[in-house]
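The values are calculated or read from the model by the stated rules, or taken from the named source; none is laboratory data. Fair warning: this is a prediction, and the values are worked out from it, not measured in the lab. Please note: Cβ atoms are built from the backbone with ideal geometry, for glycine as well, and neighbour counts cover all protein chains shown. Side chains are part of the model used for accessible areas, which takes the heavy atoms of the whole protein and leaves out ligands, DNA and RNA. Shrake-Rupley method; radii C 1.70, N 1.55, O 1.52, S 1.80 Å.
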Amino acid sequence: MRILVTGKNGQLGRSIYKIVNTANGDNLPPNEFIFVGREELDLSSESSISHYFDSNDRFDVIINCAAYTAVDKAEEEQELANQVNHLAVKKLANIANEQKAKLVHVSTDYVFDGAGGKPYKETDKTNPINVYGKTKLAGEKALQAIMLTNAIIIRTSWVYSEYGNNFVKTMLNLGKERDELNVVSDQIGSPTYATDLAETILKIIDNKNYQNKEQLTEIYHYSNEGEISWYDFTKEIFKLAKIDCKVSPITTEQYPTPAKRPKSALMDKEKIVEKFSIKTSYWKETLCSCINNIENKI
Ligand SMILES: NC(=O)c1ccc[n+]([C@@H]2O[C@H](COP(=O)([O-])OP(=O)(O)OC[C@H]3O[C@@H](n4cnc5c(N)ncnc54)[C@H](OP(=O)(O)O)[C@@H]3O)[C@@H](O)[C@H]2O)c1
């Protein structure tokens with residue numbers, strides 16, 4: 001299969017690249033992967049998207065890892081966030097239909113308001129409370145309206161990795177610089193190591209259920225197992241990295257941000273686990289691997 005991966009410089013794009021280009025990828029069937037970043041395919045520009053697909057051969061699968069992910073900045077840059085997270089996804093869905101390609105699109109737990117009180121199922125009512133979540137939901141809906149078959153949307157949460165900017169890397173740096181840190185303790189979520197999500201996506205693409213033509217388009221939830229607050233997550237990061245920094249819990253009200261965040265947008269993962277026989281790792285196990293890789297610069 002010819003597989004296009006967008007967002008090659010992002011956490012998920014780089015994690016997919018790492019797997020298909022290292023020994024881990026030896027068990028994967030031989031596919032041709034093409035990784036693109038905004039230089040080749042700028043999702044904020046309809047003409048750039050058209051130009052890219054007009055000047056390349058058709059793809060069997062498009063994995064859309066690119067997104068406007070700056071949650072706070074999106075409150076100001078609504079138009080750009082909407083272009084990348086909504087209108088570009090609509091365009092990719094139309095192109096995937098034309099090319100008879102499958103589309104794997106990644107979305108977020110921020111499509112929920114976090115007031116549900118129990119882990120969200122894929123069918124639960126969405127109600128995003130910030131611009132980022134609204135634009136991601138608009139992208140999901142546009143995709144579903146255009147591609148009744150052949151697409152999957154994977155909603156994930158709290159993604160971290162060895163790459164780019166993310167909570168784990170920020171805390172490792174801050175913990176080494178400071179003696180004391182205050183971290184929000186009343187937002188609960190499930191961290192997701194980007195490598196685990198990347199492996200899940202590659203496993204799905206390789207699955208016969210997925211490869212069957214004309215599979216109905218479906219939404220799936222995926223994160224690592226377990227739930228935790230940012231405060232407890234930070235304490236575990238410091239423990240694993242042997243960083244001596246005092247962590248104190250604070251409330252969301254004590255740490256105001258431009259974008260509101262759901263208090264608890266935990267997601268039920270039963271559907272993806274059953275349909276594709278996915279094994280979900282406990283967040284602490286894979287956090288440990290990620291920190292080892294960061295500290296050893298792997
Ligand atoms: N990070 C999280 O905590 C989180 C949580 C839930 C869901 N998700 C979703 O998971 C997916 C992967 O996220 P991630 O953490 O890998 O994000 P990321 O590290 O921020 O990477 C996003 C990538 O998208 C690219 N991009 C942004 N605007 C673009 C444009 N106009 N044209 C082309 N590429 C553009 C960025 O390119 P540059 O490198 O050039 O800036 C970046 O490489 C996204 O769909 C995201 O919404 C993420």
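Summary table
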quantity: Candidates LEU172, LEU181, filtered to the one that is farther than 17 Å from SER281 by Cβ, part of a strand (DSSP E or B) and open to solvent by less than 30 Å² (accessible area, probe 1.4 Å); calculated: LEU181
quantity: From THR200, THR123, THR156, THR149, residue being within 11 Å of the ligand (Cβ to nearest atom), under 29 Å from LYS100 (Cβ atoms) and β-branched (Val, Ile, Thr); calculated: THR156
quantity: Cβ pairs under 7 Å, 6+ apart, first in region 158-179 and within 14 Å of LYS242 (Cα to Cα), second within 14 Å of the ligand (Cβ to nearest atom) and aromatic (Phe, Trp, Tyr); calculated: VAL168/TYR160
quantity: Identity of the residue in region 62-119, among the aromatic types (Phe, Trp, Tyr) and more than 23 Å from LEU4 (Cα to Cα), that ends up nearest to the ligand (Cβ to nearest atom); calculated: TYR110
quantity: From the options GLU162, GLU122, GLU140, residue that is modelled with pLDDT of 95 or more, surrounded by fewer than 20 Cβ atoms within 10 Å (Cβ to Cβ) and either outside any helix (DSSP H, G or I) or among the charged types (D, E, K, R) (or both); calculated: GLU122
quantity: Residue in region 238-272 that is nearest to GLY175 (Cα to Cα), counting only those that are in a strand (DSSP E or B) and not hydrophobic (A, V, I, L, M, F, W, C); calculated: LYS246
